[in-house]
Amino acid sequence: MTDHKIGTREEWLEARLELLKAEKALTRRSDELAQWRQKLPWVRIDKEYRFETDDGTMSLADLFRGHSQLIVYHFMFGPEYTGGCPACSAIADGFNGFAVHLEHHDVSMTAVSRAPITALQAYKRRMGWTFNWVSSLNSDFNYDFNTSFTEEQQGSGSVDYNYRELRTIPDSESGANKFAIMSGTDVLTYTREAPGMSAFAFSDGIVYHTYSAYSRGLDALWGMYQWLDRAPKGRNETDLWFRRRDEYTPGSH
């Protein structure tokens, strides 16, 4: 027997209409925030960044691939990892489908990681992905956008992440430790990378940084969580439950 409240269809509809008011208010607020993002000042990027790609070495401007806008997902896959971060992998599972739509709306989308391009290519084949994914291994790009940290920064006890100082030595029982094992490395090496997304504009031959988000600012990119938030039991998380999609066993739920 369920211990959840049971009601009539009329009671459900009354409660649903009350919730709908709140959902509509949230939607309107989300629209306002989107416009707020677009009004942020642009910051000119003068530093030269080089990336290794499937098509050879490219600059940041090259990653626009003829479009005026570029969205970058900072994918946690350090040079020492044997596989991409499982959380980033869950997010990236949705990239193949919508990257095509973005390209037809003047937006280029790419993932960026510090792992060598050969490692990224192998992992893409394993996961069946086709979206653009480039290596910034010999570039300051990840460091400058606060998604990679040096051993010295980590050893200082805090790093600048998500616009605040972040403690960098996670508890051994935390999700970071489990993800480190799943990524084939130790927790300190694993946490020298962090997730994020950044947006750029290209105008009159100049690249501008327009927006970046980190941590739970990426929640909307997790397609599976948007569905779970509408499921009867919600996220219903008691531990680290998800895996890379090719690592689940039949009946594991």
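Data overview
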{"read-out": "Residues whose placed amide H lies under 5 Å from that of Tyr161, excluding near-sequence neighbours", "value": "Leu166"}
{"read-out": "Farthest toward positive dipole pole in the chain [+1 Lys/Arg, -1 Asp/Glu at C-beta], among Val134, Ala15, Tyr190", "value": "Ala15"}
{"read-out": "Two-site FRET efficiency, Met224 against Asp204, from Cβ-Cβ distance with R₀ of 45 Å, rounded to 0.05", "value": "0.65"}
{"read-out": "Environment charge of Pro232, counting only residues whose C-beta is closer than 14 Å and scoring Lys/Arg +1, Asp/Glu -1", "value": "+3"}
{"read-out": "Which of Ala119, Ser89, Thr150, positive extreme of dipole for the stretch 1-151 (C-beta unit charges)", "value": "Ser89"}
{"read-out": "Rounded, prolate or oblate (a/c below 1.5 giving rounded, otherwise prolate when a/b exceeds b/c) for the stretch 184-243 by Cα gyration tensor", "value": "oblate"}
{"read-out": "Most mobile of Glu48, Glu11, Glu80 in a GNM of the chain (Cα contacts under 10 Å)", "value": "Glu11"}
{"read-out": "Residues with amide H under 5 Å from that of Tyr211, placed H, sequence gap 5 or more", "value": "Ala199"}
{"read-out": "Full-extension gain in nm, Thr130 to Arg28, via 0.36 nm per residue minus C-alpha separation", "value": "33.3 nm"}
{"read-out": "Net dipole in debye of the stretch 1-149 [+1 Lys, Arg Cβ; -1 Asp, Glu Cβ; about Cα centre; nearest 20]", "value": "120 debye"}
{"read-out": "Projected label distance in nm at Arg167 and Asn236, using a 7 Å step from Cα toward the beta-carbon", "value": "3.2 nm"}
{"read-out": "Candidate values (i) 63, 43, 37; (ii) 57, 42, 30; (iii) 76, 58, 25, label of the one derived for Cα extents along the principal axes in Å", "value": "(i)"}
{"read-out": "Shape category assigned to the stretch 154-253 from the gyration tensor of Cα positions, a/c cut at 1.5", "value": "oblate"}
{"read-out": "Fraction of accessible area attributable to carbon and sulfur, the chain (%, probe 1.4 Å)", "value": "54 percent"}
{"read-out": "Nonlocal amide H pairs with Met109, under 5 Å, H built at 1.01 Å", "value": "Ile71"}
{"read-out": "Extension gain (nm, one decimal) between Thr150 and Asp46, 0.36 nm per residue minus Cα-Cα", "value": "35.2 nm"}
{"read-out": "Acute angle (nearest 10 degrees) that the helix 117-127 long axis makes with the longest principal axis of the chain, alpha-carbon atoms", "value": "30 degrees"}
{"read-out": "Among beta bridges that DSSP assigns inside the chain, antiparallel share in %, nearest 5", "value": "75 percent"}
{"read-out": "Net length gained if the chain between Asp106 and Thr118 were fully extended (0.36 nm per residue, minus Cα distance)", "value": "1.5 nm"}
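The values are calculated or read from the model by the stated rules, or taken from the named source; none is laboratory data. As the structure is a computational prediction, the values presented were derived from the model and not from experiment. Note that each Cβ is placed from the backbone with ideal geometry, even for glycine, and that neighbours are counted across all protein chains shown. Each accessible area value is taken on the protein alone, full model and side chains, heavy atoms only, with ligands, DNA and RNA left out. Shrake-Rupley method; radii C 1.70, N 1.55, O 1.52, S 1.80 Å.
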